[in-house]
Every structure is written in structure tokens, then in C-alpha cells.
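The values are calculated or read from the model by the stated rules, or taken from the named source; none is laboratory data. Bear in mind that the values here come from a model prediction, so they are computed numbers and not experimental data.
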Amino acid sequence: MTRRRDFLAANGGRRVAMPGFVLQVRPRDDGDAAIRVGFTVTKKIGNAVVRNRMKRRLRALARDLLPEKGIAGADHVLIGRQGGIERDYAALTAELAKALTRAASPDTGGQDRPREPRVHHGRGKGRTPRGGAHRQPAPSNQEPA
């Protein structure tokens, strides 16, 4: 997966959080049985070297487990978490197997349900005029005619 819209679509699917990563899975409606996978590691995790190392680990996990345990016809997104770089590879493998099992199960007792849309608070791009907060027009000294 390389397109932003694919990642955003997967974000609306099922999420399973593990100590080393978060797995997002969303079935596709295109009829293709291929398993697609994407990887994301934010700058919060570390510098470029650390992020790339984490992505390499996630790619290796996906290469090892997704062909056997992945959900056919679905998009899978692995999001690296803070502790993922220090975790043992065997522990990450066990966590991914568990996450894939949980994502494939039809009912998890209320856990890992699809996410609600996020509410964005604070300043966003293009929402306020330049200069900060919403400004009121300056009072006019002229009397209306």
C-alpha cells in the first residue's frame, strides 16, 4: 500500500493494539483476494534511523506471518509503537499472530471494534485567518448615514 487514501480507509477498519505495534485491518470490496500491507512509524518513535529500523522489523514480521495468517482480500497496516524497537523479534512474532487471530475473529466481546471518526481540536490549517484567532472587525468611528 502506498496511497494515503488506502491508509485512511484501513484506519476505519478493525484495530488491534499490541505492545510493539498496532494492527489495522479492513476488508476490501474489490473482489481481489490479495493481502495488501502498509507500514507506518511516526516521528514520535525516533529519528529516521530508528524509524527505518522499526519499518524493517515490521516488514520482516509481515513477510513471515501474513501469507499464512493474514486475512485474504484485506488491507493490513502495521503502525510501530514506542516499545517495538526494543522488543524481541520472537515476542513481536507472537504478538502479530495473536493480533491477526483477534482481527479475523467475528466477535471479540466489544474489544477492537471499528473506530469512530476522530474529532480534531485546536488550530488546523486554513481554518483561521492569518494572525491567529478569529478576529472581529475593528469598530468604525463613522456614523451610519
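Annotation note: of Gln82, Gln111, the sole residue that is modelled with pLDDT under 60 and closer than 28 Å to Ala17 by Cα is Gln111. Residues that are more than 16 Å from Leu96 (Cα to Cα) and polar (S, T, N, Q) within the stretch 1-40 comprise Thr2, Asn11, listed in sequence order.
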